[in-house]
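Heads up, the thing below is written out as structure tokens.
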Amino acid sequence: MRVRPLLGVAAGAAVILLAGAGATPATASALAPTGSVTVDAVGRIAADGTVTLSGTYRCTGSSGPVFVSSSVSQGTSTTRYGIGGTRAVCDGAEHRWVNTGLTRSGALVAGAAHVEATVMELRSFGGLPLPVFHAVKNQDVTLQQAPARR
């Protein structure tokens, strides 16, 4: 399933729930999600398929738990592999994130790849946790073979 249609549905649901919850514009703007995320140009892939991606993030305006998630794909494949998730701190300062995840052996190889990193908050709307996106970054990267462990 593609991510973009889900983003639209989540955003629409959040707007409807926010409007239905009686939030005032001042309340909504006080918690308006803001942020940025970067992806380092080089990631690592180990012989067993473990991928490590990294970058930086900055965010403010959170009221629920926030995470930096990442996924990677290669070539013309539409298959994206989720690569971990890091708990984020939305204090306005720039922070590093590093996500590591194990993919199926041989699914990804050293070389060109495409990464999507997302700073996403789970915010409660009427008791229902819904995703609120602070930042999304799509980045072409190079996966380099990680040195073998001894």
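Summary of values
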item	result
Restricting the range 86-123 to residues that are assigned to a loop (DSSP other than H, G, I, E, B) and among the charged types (D, E, K, R), the residue that is nearest to residue 73 (Cα to Cα)	104
Residue satisfying all of: in the range 48-58; at pLDDT 95 or above and of a type outside the set (Ser, Thr, Tyr); farthest from residue 93 (Cα to Cα) among these	51
Residue in the range 23-34 that is in contact with a Leu (Cβ under 7 Å, 6 or more places away or on another chain) and either modelled with pLDDT under 90 or surrounded by fewer than 16 Cβ atoms within 10 Å (Cβ to Cβ) (or both) present	yes
Residue within the range 121-140 that is farther than 14 Å from residue 42 by Cα, of a type in the set (S, T, N, Q) and surrounded by 15 or more Cβ atoms within 10 Å (Cβ to Cβ) present	no
Within the range 60-80, considering residues that are modelled with pLDDT of 95 or more and assigned to a strand (DSSP E or B), the one surrounded by the most Cβ atoms within 10 Å (Cβ to Cβ)	70
The range 74-111, residues that are of a type in the set (Gly, Ala, Ser) and touching a Ser or Thr at 6+ places or on another chain (Cβ under 6 Å)	82, 84, 85, 92
Candidates 44, 87 - the one that is at pLDDT 95 or above, out of contact with any Gly (no Cβ under 7 Å at 6 or more places or on another chain) and surrounded by 11 or more Cβ atoms within 10 Å (Cβ to Cβ)	44
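Okay, residues lined up against (1) touching a residue at least 60 places away in the same chain (Cβ under 8 Å); (2) small (Gly, Ala, Ser); (3) under 11 Å from residue 35 (Cβ atoms):
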residue	(1), (2), (3)
53	yes, no, no
64	yes, yes, no
72	yes, no, no
103	no, no, no
113	yes, yes, no
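The values are calculated or read from the model by the stated rules, or taken from the named source; none is laboratory data. Source: prediction; values computed, not measured. Methodologically, a virtual Cβ is constructed for each residue, glycine included, from the backbone with ideal geometry; neighbour enumeration extends over all protein chains shown.
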